[in-house]
1. In debye to the nearest 20, how big a dipole does chain A give about its Cα centre with +1 on each Lys and Arg Cβ and -1 on each Asp and Glu Cβ?
2. Averaged over B:826-839, how many beta carbons belonging to a partner chain fall within 10 Å of each residue's beta carbon?
3. Once amide H atoms are placed 1.01 Å from N in the peptide plane, what residues at a sequence separation of 5 or more from B:Arg148, or on another chain, have their amide H within under 5 Å of its amide H?
4. Specify the angular offset, from 0 to 90 degrees and rounded to the nearest 10, of the alpha carbon long axis of helix B:508-526 from the longest principal axis of the alpha carbons in chain B.
5. What is the calculated FRET efficiency for B:Arg926 to A:Ser254, with r their C-beta to C-beta distance and R₀ = 51 Å, to the nearest 0.05?
6. Within 10 Å of each Cβ in B:381-392, how many Cβ atoms from other chains are there, averaged over the peptide?
7. Averaged over B:584-593, how many beta carbons belonging to a partner chain fall within 10 Å of each residue's beta carbon?
8. B:Arg243 to B:Asn349: FRET efficiency via 1/(1 + (r/R0)^6), r the Cβ-Cβ distance, R0 35 Å, to the nearest 0.05?
Amino acid sequence: MQASNVLNLGIKELRSLVRDPMLLVLIVYSFTLAIYTAATAIPETLNKAAIAIVDEDRSPLSARIAGAFYPPYFLPPVLITPAEMDARMDAGLDTFALDIPPNFQRDVLAGRQPAIQLNVDATRMTQAFSGSGYIQQIVSGEVGAFVQRYRGEQTLPVDLALRVRFNPEMNKGWFGSVIEVINQVTMLSIILTGAALIREREHGTIEHLLVMPVTPAEIMVGKIWSMALVVLAACAFSLVFVVQGLLAVPIGGSVALFLAGAALHLFATTSMGVFLGTVARSMPQFGMLLILVMVPLQMLSGGMTPRESMPALVQDVMLAAPTTHFVALAQAILYRGAGLDVVWPQFLALVGIGAALFSLSLARFRKAISRMS
Amino acid sequence: MSGGADRSATPPVASPVARLRDVRLMYGKVRAIDGVSLDVPGGCVVGLIGPDGVGKSSLLSLMSGARALQEGTVEVLGGSMAEARHRHAVCPRIAYMPQGLGKNLYPTLSIAENLDFFGRLFGQGGDERRRRIADLTRSTGLAPFLDRPAGKLSGGMKQKLGLCCALIHDPDLLILDEPTTGVDPLSRRQFWELIDRIRADRPGMSVVVATAYMEEAARFDWLVAMDEGRVLATGRPRELLERTATATLEAAFVALMPEEKRRGHKAVAIVPRTGDASDIAIEAKGLTMRFGDFVAVDHVSFRIPRGEIFGFLGSNGCGKTTTMKMLTGLLPPSEGEARLFGQPVDARNIATRRRVCYMSQAFSLYSELTIRQNLELHARLFQVPEDVLPGRVAAVAERFGLTDAMEALPDRLPLGQRQRLSLAVAMVHEPALLILDEPTSGVDPIARDAFWEIMIGLARRDGVTIFISTHFMNEAERCDRISLMHAGRVLVSDTPAALVATRGAATLEEAFIGYLEEAVAESRDSDAAAVPDDRRPSPPPAAAPSAAAPSGERASGRFFNPRRMLSYTLLEGLELRRDPIRATLALVGSLLLMVIMGYGINMDVEDLSFAVLDRDQTTVSRDYTLNLSGSRYFVEQAPIRDYEDLDRRMRAGELSLALEIPPGFGRDVARGRPVQIGAWIDGAMPTRAETVNGYVQGMHSQWLASRSQTPGLATIETRFRYNPDVESLKAIVPAVIPILLLLIPAMLAALSVVREKELGSIINLYVTPVTKLEFLLGKQLPYVGLAMLNFLLMVGLAVTAFGVPLTGNLLALSTGAVLYSFSATAMGLLMSSFMRSQIAAIFGTAIATLIPATQYSGMIDPVSSLGGAAALIGEVYPTTHFLTMSRGVFSKALGFGDLHAAFVALLIAAPVLIGASALLLKKQER
């Protein structure tokens, strides 16, 4: 493999990219506005949860409970009648409906342990779980405080001092913005290399390259380094100016180390792009493949839901995906301030996956080209 | 060329079929047409002649209405082509066949299906179409091949099919843009005989043709000679010859050119070859290439000595290109051997490749790079040393006359200059062997002569061996030796003069046609389907389409005609069926994704790792720890030794939760003294941190309650409705269906329009009566159908394999799915309508669907809790509303009445998206 060929072929790719203004606009969009929108969109788990209260007691205690729900965790509670409750939940207007029974306060004070009914719309998974926990705490807290004032009763003085490290306010935007950067890096690198390869094939220019004294490996590496460079630059820009600058997300660790990880990740994803480009026989097929690959990469790599909660099989399979390791190392470096001593396993995994994908696509490259031409 | 001479004697009809006044056209900064005023006579054949890039094609596309008028007036068939109403009214009377072999045809569709498509576009009924297709294919000799895909036809047959498609609606004006470029002489002759027969049947029809072949132009009734966007001269061929006092049109044209252009031109002089015939540059022995059952090249052998110009002739699709690819190593031969300079051809042999240059049929240089960049790239890849590189590039540019255009992009150049660039690129590393596949196809005579000057110079002076294929007989005559190829076999090889002599023919063209006809007759008995069958007698005039009633329902359906829409539906459906991999990917892929996501996405966070720094080590502290580790949510790891250990393990992400129990904890609890437990949660992933937070607090209070003697004050009974067991699967599966039902149909539809733009068949939208809405809806329907199939499969899988009960009204959900599929495919169409390249359309669609569908539509976080722009997107995004439906019907036992808000939203979304696509789509090229 000759370095000068690889360099020249890569420069050619960069020049081609510059000539497609629409694509440039899309790249800029996906690393600025798209990141910003995603980061500002993602709420705390419990943000503005819709709650309705059926107050059949109308006592000071029930009013106290109703008054304990306020933004940002909850939308101001809507007071409804028992009859309305089902219809509103069916229509998806309320996630929670709290039914305070008649004579609730009297029964509490009499020590009869009355029951409050909490209805949860279990189709809204995230809010359903953490929300019902919050509501239980709030209700028992209010009842406890009410009774304590009334009776002066003591509870066990064991306090739990909870501290959340690395992101004390559990601000989801911090995490969301970086995950979004990762998603765009993955998507863009696959599209740029894969679709560019198919375009060369459809326009016959790849054939031209193959009769010249350049090897398929040089052609591939030329594509990989140039497209990876573009995406890496966009990623660095986005991290510094959008994530750190505009969104003011504090970055705990070394940005340079993160970018080194991103470069390894790009090695793997651009190779994957080339691979898909050799598998697909036409652009429409490539489009389908892209969706089939992007959806699992985006949803199952630990960026959207925690990996711990996935079935063991999915967890194991997703270990073969570069994004899984990239998400892990991004979390470790950017938030926990981890160094290479901590994230080296992820780096190693990316190198391994990248090398495997690269050799796989190289093996297919020439064969696929001659079949298409 | 029968009948040409006597018809040119009939005077052109007085009333012009088209009137052009002061027409000007710019492409960016390039002026394509520079003030043309012209009356095109009707009822005869009018030819447009001139070099490449002088505006012939632009003029024809303006006349056909395919391109929007910029300046001046164009009146065709009695009205202005600038008015949309007139264009719509007259387009059923105009037929336009664009430049490029089969450019407006659909390669995966068969001959019959292509014709059927065009018939429907002009609103013809089933009987009428069948009759016309039978007539047309019989008279063109295409009848035996009705089921063959257009992409597999030879160039000549493609052009005949194109002509049939153009004639299916009995046009009064037939516009043909270089219909015979790249077509072999036999097919070319048959093509013009066909036009003559059709004109005999329909004498009133006007034909306007652009051509690069002067010998063809000689048989037209009236000619327009053009140069640099202007008209040089008009008149009958004989008049032009008389005016310039020349014998041939080619000479006449050169004489009409401005002085400074003529200066460089001189007749090509052929220098006889002197060289050693034993020094072999190319040797082929029994080269054979099979594609499945089809034998493309059948035992071809030849030896070409160094410095020879070897011509390769044959009809389209006879195996010339395949042979060349085998010589370059692009295709490994199925049988036989090829040697270059004594070395066997090996794709891996870089040293041989450095001495060879291959120029493929299509322009295959980078259109995104300037001429200089193209030259420099190739020089560098061929290892031209950096110090001689600038000089070499300049010298080559000088030699090929490209010095003035060095910074231009190839797309901006006329074809002739582009071919010169290809050759310049090929020569920049001074190869010893050139393999050129139809390098002069579509190049005008003057440029072709200049090209040959260079080639002869290379061969004679530098001893370069040249292996060239061509359709031009005067070029074949310049070769040292030529081979005639047909159906994969070499018919004959000799010097041009010897071939003419053995055949006893007057010209090489006649000799060539003679050999071909003989070969066609021979092989017809054995394999009728493999050869073009064109020598059938023409049908009696009564059977010709002209005898039929006026085509279709010309007047009806100005705005919406279901038949025209259906023609695009059938087209798209057929293309989808011919690419089964894509449809399979769509169906199987969505089921696969559903399984992956259904099982993979789980809101139930379990098995969180935690560890304790227990400074107390009493039964009480251990009881507290057990309280956590005993639950299914937490898994205890090795105890934490000290703060440093805690810090390290949290940084590495090993622990989601770390607890510190202070010394004396057990004692303090027993005495009721205030005591504090420390807890650290890993906040790097906030969702998980929140869950951990909730769990820990809950368990803490549970523990307190269990230690406390007093009973609770009140209980809270939590009822998880719609999913009482709180199974993640039941909540996720109904949400996955809407997401996949958006992503996949949108991506399927995303390329449907932009692909036609890239491949050229979009021209059918420009020049036929089909409206934008018919076009879009027609393209959309097959994908809506596929999406519905997808939907039913996914619901089936959800109910059976996943065991998610469907409690509500399935009909309501299906109705919603139809509406939603329209929105989803319209989203793809919207991207497709305004993007110019397929890459951008794929990228755009991915951006517009992936993130909003998975994150802003309420699958995980309810839309009501979103903020910023995402909240707005979520409110209007169709997925949000179908998600409400899907969850409602699956889990909440809802029906039509309960979901009316979502129905209304979807009823609005689809028309808005389709309307936006129609607004962004252009009915004319700009």
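Values in this text are rule-based calculations from the coordinates and carry no lab data. Everything numeric here is computed off the predicted structure, so don't read it as measured data. Quick reminder, even Gly has a Cβ in these numbers, built from the backbone with ideal geometry, and neighbours come from all protein chains shown.
1. Charge dipole, chain A, about its Cα centre: 1120 debye, nearest 20.
2. Shielding by partners across B:826-839 averages 3.
3. For B:Arg148, the qualifying residues are B:Ile111, B:Ala112.
4. 60
5. 0.50
6. So the per-residue partner count for this stretch is 2.
7. So the per-residue partner count for this stretch is 3.
8. Using R0 = 35 Å, I get an efficiency of 0.05.
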